[in-house]
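The values are calculated or read from the model by the stated rules, or taken from the named source; none is laboratory data. Just so it is clear, the structure is predicted and the values come from calculations on it, not from any experiment. All Cβ positions, glycine included, derive from the backbone under ideal geometry; neighbour counts span all protein chains shown. Keep in mind that these areas ignore ligands, DNA and RNA; they rest on the heavy atoms of the full protein, side chains included. Shrake-Rupley method; radii C 1.70, N 1.55, O 1.52, S 1.80 Å.
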Number of protein chains: 2
Amino acid sequence: MLAQDLATPYPTVRMDTSAREAAQLLAERHLPGLIVVDKDDHPVAILPGSQVLRLLIPTYVQDDPTLARVLEEKYADKICDVLDGKTVADMLPSDSDRKRLPVVAPNDTVLEIAALMAAHRSPVVAVVEARDRKAPLIGAITTADLLERLLSGTAGSGTTDAS
Amino acid sequence: MLAQDLATPYPTVRMDTSAREAAQLLAERHLPGLIVVDKDDHPVAILPGSQVLRLLIPTYVQDDPTLARVLEEKYADKICDVLDGKTVADMLPSDSDRKRLPVVAPNDTVLEIAALMAAHRSPVVAVVEARDRKAPLIGAITTADLLERLLSGTAGSGTTDAS
């Protein structure tokens, strides 16, 4: 069982995708995050839903969440207006603060994928066409997908020992 | 719109729930993590899927994921055997390393929840019966649930201004 067998299509956005479109995709698909790709479809980052919330909430409230109580509730209906004119690039944290998206190649094994996911504490890994920094995305594997496969006891090479 | 209106039932486990049961729940439900509750049903931690993977993967491989390549692929079919006899407590990181699960009360507003989620970078918050450290869990709210509500423009107090 290799990465290419486990990879499934996964929604992507680009740096210039509108912030609202990205937020809607996250809300609709109930994903741990969106994969951000560059113009060559190579994954460059993961955009978790919590980063979208960070853009929505004023900095002084992020620093002290109890201050949210002073905001008028009516403001909640308008809160997403701040997304207008903004892009995915505006929602991603700075490089140093950005959560790295682990990347695997099609021939990587289940154990390699699991080890990488565990080491990064990442809920998703991107599968790219080749272990080349600029290879395009072919899909992604979530922790749930991987656990499902490992628990079913069918994560081996696929060659049965019919001896 | 308050936490009590947004909370939905969420799978929980206890410290003594078997590791395999927890892993199966994560695999089946495709959740960002399971809520761990104590004997009074009070949430005490979140168990992300990546923590289950950490238990499965030998420490030397976690330290250097490229070593996963030296493990026989057949081992992948047996990897979950390590879960037998283990519990959720064995999978949770030590206190200092544990990701805190944000907790809100039924009357907390959408903005308070969003601010807390953003500050903790958490994909889920637990809703408890009262802002008391030992109050039982009544449900949870995921980032996707919250974004959905905020984007629909119906996150306000629910009292319409029909003026």
For segment B:1-49 the residues that are at least 30 Å² less accessible with all protein chains than alone, 1.4 Å probe, are B:Ala27, B:His30
Answer in debye to the nearest 20: the dipole magnitude of the protein assembly as shown about its Cα centre, from +1 Lys/Arg and -1 Asp/Glu charges placed on Cβ, is 340
Residues of segment B:84-115 with backbone N under 16 Å of the label point set 7 Å from the Cα of A:Lys78 along Cα→Cβ are B:111
Sorting A:Ala7, A:Thr66, A:Pro32 by the position of each Cα along the dipole of chain A (Lys, Arg +1; Asp, Glu -1; all at Cβ), the one nearest the positive end of that ordering is A:Thr66
In order over segment B:113-121: 3J(HN,Hα) from phi, Karplus 6.51/-1.76/1.60, θ = phi - 60°, whole Hz, x for each Gly or Pro, gives 5, 4, 5, 5, 5, 5, 5, 8, 6
Probe 1.4 Å, all chains present, heavy atoms only: B:Ser50 accessible area in Å², nearest 10, is 10
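What does the accessible area per residue of chain B come to in Å², with a 1.4 Å probe and no ligands, DNA or RNA counted? Please report the intermediate quantities before stating the final value.
Working: 7630 Å² over 163 residues.
Dividing the accessible area of chain B by its residue count gives 47 Å².
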About its Cα centre, segment A:1-131 carries a charge dipole, from +1 on Lys and Arg Cβ atoms and -1 on Asp and Glu Cβ atoms, whose size in debye to the nearest 20 is 200
at B:Lys39 the sorted inter-copy label distances (label 7 Å from Cα on Cβ side), in nanometres, are 6.4
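Which sequence of A:Thr66, A:Thr12, A:Thr143 reflects their accessible areas, 1.4 Å probe, from the largest down?
Most to least solvent-accessible, the answer reads A:Thr66, A:Thr12, A:Thr143.
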Per the C-alpha gyration tensor (a ≥ b ≥ c, the square roots of its eigenvalues), segment A:1-44 is rounded if a/c is under 1.5, else prolate if a/b beats b/c, else oblate; here it's oblate
Here the whole-number average of other chain Cβ atoms within 10 Å per Cβ of A:54-64 is 4
If you rotate chain A onto chain B, the residue of A with its Cβ nearest that axis, and the gap in whole angstrom, comes out as A:Pro32, 3
Filtering trypsin sites (Lys or Arg not before Pro) in segment B:103-134 by DSSP loop and by at most 14 other Cβ atoms within 10 Å leaves B:Arg131, B:Arg133, B:Lys134
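Counting alpha carbon pairs within less than 8 Å and at least 6 residues apart, what relative contact order, in whole percent, applies to segment B:83-152?
Computed over segment B:83-152, the figure is 25 percent.
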So, in nm and shortest first, the distances from A:Ser18 to its counterparts in the other copies, with label points 7 Å along Cα→Cβ, work out as 5.1
For the protein assembly as shown, the accessible surface attributable to carbon and sulfur atoms (probe 1.4 angstrom, ligands and nucleic acids excluded) amounts in percent to 48
Everything considered on the Cα gyration tensor (a ≥ b ≥ c; rounded for a/c under 1.5, else prolate if a/b is larger than b/c, else oblate), the protein assembly as shown must be described as oblate
Lys and Arg at +1, Asp and Glu at -1: neighbours of A:Pro48 with Cβ under 11 Å from its Cβ sum to +4
Measure of exposure for A:Asp84: accessible area at 1.4 Å probe, Å² rounded to 10, is 90
Shortest first and in nm, the label-point separations between A:Leu55 and its counterparts in the other identical copies (7 Å out along Cα→Cβ) come to 3.7
Under a 1.4 Å probe, counting only protein heavy atoms, B:Glu72 has an accessible area in Å², nearest 10, of 130
For the pair B and A, the solvent-accessible area buried on both sides (1.4 Å probe; DNA, RNA and ligands excluded), in Å² to the nearest hundred, is 4800
Non-local residues with an amide H under 5 Å from the amide H of B:Thr87, with H modelled 1.01 Å from N and Pro and chain starts lacking one, are B:Ala19
